[in-house]
Amino acid sequence: MFQKMKLSKHNINTFLLSANQKIEENAEYVSDRLVNGGEMDFVTYPPNCGFTQEENLSLEKLKNDPNLKSALRKILADNSASVLFDLFNIIDGTSEPDEKFGEWTEICFVDKTDELAEDLYFLHDKLGSAYWGWRELRPDKGWKPDIYEG
């Protein structure tokens with residue numbers, strides 16, 4: 001059954017166009033918030049992400065600079081695209097996750113069918129909770145992406 005399943009060219013194209021759209025939209029949204037001096041309460045990753053008072057004061061210095069906004073959009077878009085590119089390499093089987101995460105047997109995307117629908121995982125819901133596992137495995141780099149002190 002699974003050998004005949006595949007991801008249609010239409011869904012591949014739609015998925016990749018949507019990924020590029022989201023990269024651009026998110027880069028624009030974040031750079032707008034930073035440069036316009038908005039609250040940073042929109043940051044959702046990691047789950048307990050927050051900024052120290054010193055970080056918030058530094059972010060205030062970014063306000064009202066259109067050249068900075070343009071540069072930030074490009075940096076944020078590149079970061080998002082790089083992450084997706086690396087994940088697509090894992091999905092494509094041209095690279096593998098770090099072996100410290102466990103055995104990897106490869107995955108693939110297929111078009112959704114009624115038969116498959118009941119077995120789907122909602123990965124978007126699992127990303128935040130998986131952060132804590134990553135945080136335990138993450139080497140000490142002298143900084144961390146969250147403000148949790150535990």
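Taking the Cα of Val83, stepping 7 Å toward and past its beta carbon, and measuring to each backbone N in the range 22-62: which are under 18 Å?
Correct set: 22-34, 40-51.
Separation of the range 86-104 and the range 1-61 by C-alpha centroid, Å?
Cα centroid of the range 86-104 versus Cα centroid of the range 1-61: 22 Å apart.
Would you mind computing Rg(Cα) / (2.2 N^0.38 Å) for the range 7-90, counting N as its residues?
Working it through for the range 7-90, the quotient is 1.30.
Which of the DSSP-defined H helices in the chain satisfy a minimum axial length of 20 Å, computed from C-alpha atoms, and a minimum mean Kyte-Doolittle hydropathy of -1.0?
Span-like helices, by this rule, are 9-35, 66-92, 123-137.
Net charge around Val43, counting only other residues with Cβ within less than 12 Å of its Cβ (Lys, Arg = +1; Asp, Glu = -1)?
Cβ neighbours under 12 Å give a net charge of -3.
With a 1.4 Å probe and all protein chains in place, put Lys144, Lys9 in order of accessible area, largest first.
Largest to smallest exposure gives the sequence Lys9, Lys144.
Please calculate how many Å² of accessible area the range 1-134 carries per residue, with a 1.4 Å probe and no DNA, RNA or ligand atoms counted.
Counting only protein heavy atoms, the per-residue value for the range 1-134 is 79 Å².
Before anything else, pin down the relative contact order of the chain: Cα pairs under 8 Å, at least 6 apart, normalised by residue count, whole percent.
34
How long is the gain from Cys49 to Asp32 if the chain were fully straight, where each residue apart is worth 0.36 nm and the alpha carbon distance is subtracted?
4.2 nm
Can you pull the accessible area of Val30 for me, 1.4 Å probe, Å² to the nearest 10?
30
For the peptides 67-73, 135-141, 88-94, what is the packing order when you average, over each peptide's residues, the other Cβ atoms within 10 Å and list the highest mean first?
The most tightly packed comes first, giving 67-73, 88-94, 135-141.
Can you send over the carbon and sulfur percentage of the accessible area for the chain, probe radius 1.4 Å, protein chains only?
Result for the chain: 54 percent of the exposed heavy-atom area is carbon or sulfur.
Give me the lysines in straight-line cross-link reach of Lys22: C-alpha distance below 26 Å, same-chain residues under 8 apart excluded.
Lys6, Lys9, Lys63, Lys69, Lys74, Lys112, Lys126, Lys144
For every helix of n ≥ 4 consecutive DSSP H residues, a contribution of -39,500 (n - 2.57) applies; sum these over the chain, divide by its total residues, and give [θ] at 222 nm rounded to the nearest 500 deg cm²/dmol.
-18000 deg cm²/dmol
The values are calculated or read from the model by the stated rules, or taken from the named source; none is laboratory data. Not measured: the values here are computed from a predicted model. Every residue, glycine among them, receives a Cβ derived from its backbone with ideal geometry; neighbour counts consider all protein chains shown. The protein model used for the area step is the full one, side chains on, heavy atoms only, and it has no ligands, DNA or RNA in it. Shrake-Rupley method; radii C 1.70, N 1.55, O 1.52, S 1.80 Å.
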